[in-house]
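The values are calculated or read from the model by the stated rules, or taken from the named source; none is laboratory data. Note that this is a predicted model, so its numbers are computed, not measured. Quick reminder, even Gly has a Cβ in these numbers, built from the backbone with ideal geometry, and neighbours come from all protein chains shown. Please note that ligands, DNA and RNA were not included when accessible areas were found on the heavy atoms of the full protein model with its side chains. Shrake-Rupley method; radii C 1.70, N 1.55, O 1.52, S 1.80 Å.
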Amino acid sequence: MAATADHSTTGATAPTYYVSTPIYYVNDRPHLGHAYTTVAGDVLTRWHRQRGEQVWYLTGTDEHGQKIMRTAEANGVSPQEWCDKLVEEAWKPLWQHLEIANDDFIRTTEERHTARVQEFVQDLFDKGEIYKGGYSGPYCVGCEEFKLPSELLDGATEDEKLCSVHKRPVEWLEEENYFFRLSAYGERLLEFYAANPDFIQPASARNEVLRFVEQDLKDLSISRSTFNWGVPLPWDEKHVLYVWVDALQNYITAAGYGSDPERFNQLWPASVHLVGKDILRFHAVIWPAMLMAAGLPLPKRVVANGWLMVGGEKMSKSNLTGISPTDLTSHFGVDAYRYYFLRAIPFGTDGSFSWEDFTARYTSELANDFGNLASRVAAMVGKYFGGKLPASAAHGDAEQAIADGLRTAVATADRKIGEELDFAGGLAAIFEFVKQVNGYLTEQEPWKVAKDESPEGQARLATILYTAAEALRGTAVLLNPVMPSTAEKLWDSLGAAEGLGALAAQTVATTADWGRLPAGATVTKGEILFPRLEEKPAA
Ligand code: MSP
């Protein structure tokens, strides 16, 4: 995990590019679905860091509520012990393993969170935004959410109703609760969505939210008194805060709300909240209304990703078919894992994982197109020029086409990955360029040119190999946010650090400037970037 961002170097005016993931329930271990969003956020923030922007990437865990409490009870430990164990043994280690460079990790049981949450709700209570009332209705503990009758499926008996997400029976809850006046915010929310058409993405998610808010919003029950695993309401300690109202505030408590105003001003509002499409309403309706009530600015964007599916169902703890992120990384490697899901599934849509598809992309895109290109170029510089990168002699049309191809790849990837969160599109543009460079080598046939020992022949060979190595220099920078270890290996193999410094110091803006890789750099063959895969492990 990266060290906490150094805010002392932050210019007072340039806002920080702040990205958050949902904070995950720690009732169980992380699975592929959680890792999907977290990797996406990591790539997005690494991309912006590489633009030279100040970035802050937040993830964490959601530790209160009935679901966690019951899991802990079933395991014979206290909820706090359960959360501590899962966070330290499962969640943090996975993010480290996947090279997630988050700047902070917030846990909702930390005092820096709970104390601020109490102040926030006390403030809403004092402003008359919260009142006492009664509620009864069907509740899904899996979602930690009251359901509308129209959202339920029929169960096995006449009385039984199932949650449409978890396919498990909902429970009837009836209690005296405190309520947040959500119903008062419908108009203001609709005005806000209209004035900020990019607030909710993709368009399908935005439409869903608009339809929902256009119906009458109901006030939101925000407290529970039948169990005590949560943040106590400061004015009535018999109640704990509804877990979602507690959890949503992580985005401000971690950013210094109520504790470090200067830092909070620098970080808030968040640039992007990444969320799964199932938790969109919480982020695009309830959270903005709570912020409006508190008089705080709203996040700039809420971007919903689709679900990873297994057998036509949302991948979840109960239907994982036994695949965990580390089962895949131990076979394909961490970088290929980071690449695969973003490349294979257009962000925002559902997608299925298949071992066969992963294997096919690994072999054709990563090992053949990209890995072989890198090793062939290094091998030829070794064989024909003793490992010293030759200077380009004459930059002709074919070379200009490669330089132009790099410029297009940089511009397209910067827009698609950095702005549109179209990771698949951005990666496609980068790999289009890799293909173009392979085509250039196939046409130029440096291995044949090498047989011509005349000065012209050697000059031509130098130009071809310089061009290919320089193209790889650009590719290493472009792929660094997605596959940091691989990009680093390539950087080392090109000897790029000698003239250009660390890979981490390269910026997107200079990547397309042709001729940056200095002639004379020591090019070495290095490790194979994407080794042949072993046999698929037995299920
Ligand atoms: N704790 C809440 C979030 C609070 S944020 C203030 C929560 N946690 S969760 O662990 O159940 O889910 C977290 C995220 O993981 C959600 O965005 C959810 O969409 C995502 N995913 C869970 N299963 C998934 C897939 N199969 N595929 C993609 N994302 C999935 O909800």
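Going highest first, how would you order 459-466, 48-55 by mean Cβ packing within 10 Å?
Packing order, densest peptide first, comes out as 459-466, 48-55.
Within the range 413-430, what residues put their amide N at less than 16 Å from the label point 7 Å along the Cα-to-Cβ vector of L533?
none
I'd like the distance separating the alpha-carbon centroids of the range 51-84 and the range 174-214, in whole Å.
Value for the Cα centre distance between the two parts: 27 Å.
As a test, work out the antiparallel percent of DSSP beta bridges whose residues both lie in the range 5-149, rounded to the nearest 5.
Close to 15 percent.
How much solvent-accessible surface does T442 expose, in Å² to the nearest 10, with a 1.4 Å probe and all protein chains in place?
90
For A379 and D404, compute 0.36 nm times the residue count separating them, minus their Cα-Cα distance, and round to one decimal in nm.
Separation in residues times 0.36 nm, less the Cα-Cα distance, equals 6.5 nm.
Averaged per residue, what accessible area in Å² does the chain show with a 1.4 Å probe, protein chains only?
I get 41 Å² per residue for the chain.
I want the antiparallel fraction of DSSP beta bridges within the chain, as a percent rounded to 5.
Close to 55 percent.
For the full complex of protein chains and a 1.4 angstrom probe, list T329, T507 by accessible area with the highest value first.
T507, T329
Among S225, L32, G65, whose Cα projects farthest towards the positive end of the dipole of the chain, with charges put on the beta-carbon of Lys, Arg (+1) and Asp, Glu (-1)?
So the residue we want is L32.
Measuring from label point to label point, each 7 Å out along Cα→Cβ, what is the E174 to T157 span in nm?
1.7
Structure shown: which of K147/K300; K314/K489; K435/K525; K218/K314; K383/K536; K277/K300 lie over 25 Å apart, alpha-carbon to alpha-carbon?
K147/K300; K314/K489; K218/K314; K383/K536
What number comes out for the charge environment of E176, summing +1 per Lys or Arg and -1 per Asp or Glu over other residues with Cβ under 15 Å away?
That sum, taken over residues with Cβ under 15 Å, equals -2.
What does the net charge come to around L153 if you take all other residues with beta carbon closer than 12 Å to its beta carbon, with K and R at +1 and D and E at -1?
My count for the surroundings of L153 gives +1.
Do the alpha carbons of any pairs in K67/K92; K127/K167; K416/K451 sit beyond 32 Å of each other, and which pairs?
Beyond 32 Å: K127/K167; K416/K451.
Go through the chain and flag any cysteine with no other cysteine's C-beta closer than 4.7 Å, please.
Cysteines lacking a close Cβ partner in the chain: C83.
Once neighbouring chains are kept in place and the probe is 1.4 Å, which whole percent of the accessible area of the range 314-443 is contributed by carbon and sulfur?
Here it works out to 53 percent.
Round to the nearest 10 and give me the degree value, 0 to 90, for the angle of helix 334-344's Cα axis relative to the longest principal axis of the chain.
80
What accessible surface, in Å², does a 1.4 Å probe find on S271, ignoring ligands, DNA and RNA and rounding to the nearest 10?
Approximately 10 Å² of S271 is accessible to the 1.4 Å probe.
Once both labels are modelled 7 Å past Cα along the beta-carbon direction, what's the K238-S183 spacing in nm?
2.4
For an R0 of 41 angstrom, estimate the FRET efficiency from the Cβ-Cβ distance between R51 and W447 and round to the nearest 0.05.
Computed FRET efficiency for R51 and W447: 0.60.
Accessible area, 1.4 Å probe, largest first: how do H166, H331 sort?
The most accessible residue leads, giving H166, H331.
Can you give the accessible area of S493, probe radius 1.4 Å, in Å² rounded to 10?
10
At most 15 other Cβ atoms within 10 Å and a DSSP loop assignment: could you name the trypsin sites (Lys or Arg not before Pro) in the range 161-246 that fit?
Sparse-neighbourhood loop trypsin sites (Lys or Arg not before Pro): K167, K218.
Tell me, in nm to one decimal, what length is gained between D126 and A391 on full extension, where the rule is 0.36 nm per residue of separation less the Cα-Cα distance?
88.3 nm
Distance between the C-alpha centers of the range 306-373 and the range 236-283? Whole Å please.
Their Cα centres are 31 Å away from one another.
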